[in-house]
């Protein structure tokens with residue numbers, strides 16, 4: 001699954017799926033490592049998106065305060 005094309009919500013749903021699979025204990029080591037790597041990439045993507053959302057909100061607040 002390509003992580004760059006996922007929305008924040010889609011990435012969170014996928015992370016939840018990955019965690020459930022990893023916690024099941026029924027995975028081959030190679031598959032577990034693959035899922036772990038995907039999870040790390042999704043986590044990084046979510047962090048970037050959250051930071052962008054935060055920056056946009058701060059900009060909007062400053063602009064709104066300046067227009068008041």
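The values are calculated or read from the model by the stated rules, or taken from the named source; none is laboratory data. Quick caveat: nothing in here was measured; it's all calculated off a predicted structure. Don't worry about glycine lacking a Cβ; one is built from the backbone with ideal geometry, like all the others, and counts go over all protein chains shown.
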Checked 22, 42, 15, 29 against criteria (surrounded by 10 or more Cβ atoms within 10 Å (Cβ to Cβ), modelled with pLDDT of 95 or more and over 9 Å from the mean Cα position of the chain (by Cα)); the one match is 22
Got at least one residue in segment 52-63 being under 9 Å from the mean Cα position of the chain (by Cα), part of a helix (DSSP H, G or I) and on the phi < 0 side of the Ramachandran plot?
no
